[in-house]
Amino acid sequence: MPFILFFDQISNTDVAVVGGKNASLGEMYQNLSAQGIRVPFGFATTAHAYQTFLTENKLTQPLTQLLSTLDYDDVNSLADVAKKIRSLILSVPLPKTLTDTITQGYRTLSAHYNLQNIDVAVRSSATAEDLPDASFAGQQESFLNISGEERLIEHVHRCYASLYTDRAISYRHRNGFDHMQVSLCVGIQKMVRSDQASSGVMFTIDPDSGSDSLIIINSTWGLGENIVGGKINPDEFIVFKPTLNTHTTILKRTLGSKLLQMIYDPNDLSRTLNIDTPVSLQEQFCLNDEEVMTLARNGLTIEQHYSTLAGSQTPMDIEWAKDALDGQLYIVQARPETVQSRKEDSFVLLTYKFDTLPLNKILLTGTAVGNKIAHGRVRVIHDISEFHLFQEGEILVTDNTDPDWEPVMKKASALITNRGGRTCHAAIIAREIGVSAIVGTTDATTQLLDGQEVTISCAQGETGYIYEGIIPYHVDSLDLSDCGEPKTRLYLNIGDPQNAFHSAQLPNHGVGLARMEFIINNTIKAHPLALIDIFEGKRPKGCEEIHALMHGYDTPKEFFQKKIMEGVGTICATFYPKPVIVRTSDFKTNEYRHMIGGEAYEEHEENPMIGFRGASRYNSQLYKKAFEWECEALRMVRDEMGLNNMQLMLPFVRTPQEGRDAIAIMNTQGLVQGVNDLKIYAMCEIPSNVILADEFLKIFDGYSIGSNDLTQLTLGVDRDSAQVASIFDERNEAVKRMIKMAIDACQKEGKYIGICGQAPSDYPEITRFLVEAGIDSISLNPDSIVKTWKHVVELENSLT
């Protein structure tokens, strides 16, 4: 066997020869270069080279002896034995035949690029690594920007020693690998000059929700070790996979702080160092949309290739880098994802919930890893020398972790870090061992104290919350194995895009009400008219705060529209290709006033519920421009993102003419009924909608009954008034007659009729009434969908 093999001599079947990482690089270099995947050229030392090193230095027996003394549950014993083994390996030389061969390979690689002493990355690659059931992420050492023959040999030697880091020994033991059966190979690959550009990590599956329709991309300025090492909070892009080959399907852009930037040391270009990232770069995304889509398409190509090789769906964990010299994006590593892809299909959905709505003080927030809740006492650990202080079941709080921390992470009830994103090594290992984590909190190590009782929640979407004190919680277990299939379509009401992926796991036929208000209030936060004024060169009240929200976006219009596209697009993509009915924004004046800059644009109204809202607002000269921006963003969700499962619904349309006028505005922004199967519905929530249903249904493609407002206006009850709250009841006969009239009118005209109010979620008798009346769909809150689903199946069976 040779001591080295170049990438054009290696394929994915050579894991036992050159290690998982190198085998994958060779596979891509040979088979995917023609499809546009750029892999820097290089070579790998072989397992035979490593075994020769052990044999010539007679290391096998002393290594076996040292390992036999190890207590794997004792972090001190682990550290002591690992250090002795590494020292032993470094105390003996590499065989001259091996160093000569590596040197010749290095010269050949330099000549390939017409360079002398080419800069290379020197990466460890074990023969038990990057396997479908074990990632070995970061278990051995890698070294960047190595130049010169002597330094290359030195770092190959250091890679050999890193087979016995504390973390690598612990990881192999936990995953059942025999230490002496694992060989260490080394990949020597041309460096990509990302020190002057950007780099990062990409997953072709959502590592938290397990959705295989998503691609997650993290990026930072400079070399990518800061992401995988969890030292910075990176930018994040979420891309929708099914339509990415034909559309720009970026569902979400999150601007990370990126406080550090790893570059070449200007005093010694053979070394790297971290510097503070300039504020101007912190406030910019590292990638533009075109680059995000190029990476995502590369990721899909790689996933499809490896899935073909495996004979089954194989999501990938990929590292990438942008070269500042040629501006190209390169793939520098790819391995199978090992957490979500290993999960077996389950018909039981586990949902972590607090017993009551938590009122405890929120101490910190960060990025949630997983979807569980945990509580316990805090233990702040600053470095590995303090591992002995950590007690089983405590919550581990630290600045950031690397895989060396895996032995202590296994003992923790949860993990909290100052830095890191969803794709850092800490997050990957936390998922593998089943520990909930909140990363990127910024200052947990100074805000939390040893012994302090806290509760962490990863069950409230992408944001993780750290609460003061112990908060009781429980785990709901839903059996989805035998729900049946109702004839009546049962949809979900969705407000927060962060919760969409969890809700989509419930039985459903789509989304009957996607609320725009949550997206605007929680991601845009500024009054739309304030954004328009800034766009037109004015300085409204709150403009400085609004400018801070807009970091990463060129204009207020781009900020407003991309945030809408991301929120609505996330919901539509989650349920794709099922229908998603999006209700255009329906804030009342009092709600708009609370937005940043809102007081300047909203008058005080005595009863905002029946005030300046819905179609009246859209058609007014005061607000028309903002509605046009909103419509343009919604058109882009359908046309540019390819999410044509999105249908639209207008709220609070008082008269048929209001409906015509609003639709005319929508038409000017490219939202035309019937084009690309677009349907525009109206909320049926005003008595005039029922009384004049024949006129309204000439304009709209159907109705969705808003039982809350319809009840309020039918009974003349202010639903926010405690004095008359007892009269507000959707089961009132007058309300039921209004609902029945609306259903009959739609059926007569052959138009869609559904309901998206609260009543069916609260009252089974209303559900029965609706099914017997022949309604097309019922849209429910996620917490009542399974119960109602089973109830409707039983009810329909009893009626046949």
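The values are calculated or read from the model by the stated rules, or taken from the named source; none is laboratory data. Quick caveat, the model's predicted, so the values are computed rather than measured. Positions of Cβ are backbone-derived with ideal geometry, glycine not excepted, and every protein chain shown enters the neighbour counts. Side chains included, ligands, DNA and RNA excluded: accessible areas come from the protein's heavy atoms. Shrake-Rupley method; radii C 1.70, N 1.55, O 1.52, S 1.80 Å.
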Do any residues in the range 518-536 that are among the aromatic types (Phe, Trp, Tyr) have Cβ atoms under 8 Å from those of residues that are crowded, with 20+ Cβ neighbours inside 10 Å, where the two are at least six apart or on different chains, and which pairs are they? 518/497; 518/567; 535/556
Being modelled with pLDDT under 90 and among the hydrophobic types (A, V, I, L, M, F, W, C) narrows it down to one of 438, 433, so name that one. 433
What single numbered condition from (1) at negative phi; (2) open to solvent by less than 10 Å² (accessible area, probe 1.4 Å) fails to hold for residue 420? (1)
Taking the range 666-687, which residues are surrounded by fewer than 16 Cβ atoms within 10 Å (Cβ to Cβ) and assigned to a helix (DSSP H, G or I)? 667, 668, 675, 676, 677, 687
Enumeration of residues in the range 725-749 that are polar (S, T, N, Q) and either closer than 19 Å to residue 700 by Cβ or surrounded by 14 or more Cβ atoms within 10 Å (Cβ to Cβ) (or both): 732, 747
Output the residues belonging to the range 40-58 that are out of contact with any Lys or Arg (no Cβ under 8 Å at 6 or more places or on another chain) and open to solvent by 10 Å² or more (accessible area, probe 1.4 Å). 47, 48, 51, 52, 55, 56, 57, 58
Could you tell me how many of the residues in the range 274-293 are part of a helix (DSSP H, G or I) and either in contact (Cβ under 8 Å) with a residue 12 or more places away in the chain or open to solvent by less than 60 Å² (accessible area, probe 1.4 Å) (or both)? 6
Regarding the range 88-96, can at least one residue be identified that is assigned to a helix (DSSP H, G or I) and polar (S, T, N, Q)? no
Checking residue 217 against (1) closer than 29 Å to residue 303 by Cα; (2) in contact with a helix residue (DSSP H, G or I) (Cβ under 9 Å, 6 or more places away or on another chain); (3) not in a strand (DSSP E or B), which single condition isn't satisfied? (3)
Pairs, first under 28 Å from residue 718 (Cα atoms) in the range 668-697, second at pLDDT below 95 and charged (D, E, K, R), C-beta under 9 Å, six or more apart: 683/586; 683/709; 685/709; 686/709
With the requirement that a residue be assigned to a helix (DSSP H, G or I) and open to solvent by 10 Å² or more (accessible area, probe 1.4 Å), what does the range 378-406 give you? 384, 385, 386, 387, 388, 389, 404, 405
Based on this model, can you work out whether residue 1 counts as exposed (fewer than 13 other Cβ atoms within 10 Å of the Cβ) and touching a residue at least 40 places away in the same chain (Cβ under 8 Å)? yes
Could you check the range 557-582 and list, in sequence order, the residues that are open to solvent by 10 Å² or more (accessible area, probe 1.4 Å), over 24 Å from residue 512 (Cα atoms) and either among the basic types (Lys, Arg) or in contact (Cβ under 8 Å) with a residue 24 or more places away in the chain (or both)? 557
Go through the range 242-260 residue by residue and tally those that are open to solvent by 20 Å² or more (accessible area, probe 1.4 Å) and either more than 30 Å from residue 642 (Cα to Cα) or not in a strand (DSSP E or B) (or both). 9
Any idea which of (1) buried (at least 16 other Cβ atoms within 10 Å of the Cβ); (2) under 41 Å from the mean Cα position of the chain (by Cα); (3) touching a residue at least 60 places away in the same chain (Cβ under 8 Å) is the one residue 35 doesn't satisfy? (1)
So for the range 15-25 (the condition being assigned to a helix (DSSP H, G or I), open to solvent by 50 Å² or more (accessible area, probe 1.4 Å) and either closer than 24 Å to residue 327 by Cα or out of contact with any Phe, Trp or Tyr (no Cβ under 6 Å at 6 or more places or on another chain) (or both)), does at least one residue qualify? yes
Run down 233, 226, 145, 175 and say which single residue is open to solvent by 10 Å² or more (accessible area, probe 1.4 Å) and touching a Leu at 6+ places or on another chain (Cβ under 8 Å). 233
Condition check: open to solvent by 60 Å² or more (accessible area, probe 1.4 Å), in a loop (DSSP other than H, G, I, E, B) and closer than 29 Å to residue 782 by Cβ. Does residue 720 satisfy that? yes
Given the conditions (1) closer than 17 Å to residue 380 by Cβ; (2) touching a residue at least 60 places away in the same chain (Cβ under 8 Å); (3) open to solvent by 30 Å² or more (accessible area, probe 1.4 Å), which single one is not true for residue 432? (1)
Among the candidates 271, 335, which residue alone is open to solvent by 40 Å² or more (accessible area, probe 1.4 Å) and among the charged types (D, E, K, R)? 271
Only one of 795, 710 is farther than 25 Å from residue 486 by Cα, outside any loop (DSSP other than H, G, I, E, B) and either open to solvent by less than 30 Å² (accessible area, probe 1.4 Å) or in contact (Cβ under 8 Å) with a residue 60 or more places away in the chain (or both). Can you tell me which? 710
Considering only the range 52-64, I want to know if a residue exists there that is at negative phi and in contact with a Ser or Thr (Cβ under 6 Å, 6 or more places away or on another chain). yes
For the range 449-459, how many residues meet the condition of being part of a loop (DSSP other than H, G, I, E, B) and surrounded by fewer than 20 Cβ atoms within 10 Å (Cβ to Cβ)? 4
Residue, modelled with the lowest pLDDT, within the range 86-136, restricted to residues that are open to solvent by 10 Å² or more (accessible area, probe 1.4 Å) and aliphatic (A, V, I, L, M): 131
(1) under 20 Å from the mean Cα position of the chain (by Cα); (2) surrounded by fewer than 23 Cβ atoms within 10 Å (Cβ to Cβ): which one isn't true of residue 369, the others all being true? (2)
Any idea how many residues of the range 320-335 are out of contact with any helix residue (DSSP H, G or I) (no Cβ under 9 Å at 6 or more places or on another chain) and either closer than 18 Å to residue 293 by Cα or part of a strand (DSSP E or B) (or both)? 2
Residue satisfying all of: in the range 736-773; assigned to a helix (DSSP H, G or I) and among the β-branched types (Val, Ile, Thr); nearest to the chain's Cα centre (by Cα) among these: 767
Restricting to the range 476-512, what's the tally of residues that are modelled with pLDDT of 85 or more and assigned to a loop (DSSP other than H, G, I, E, B)? 14
Is at least one residue of the range 67-82 among the small types (Gly, Ala, Ser), over 27 Å from residue 319 (Cβ atoms) and free of Cβ contacts under 8 Å to residues at least 40 places away in the same chain? yes
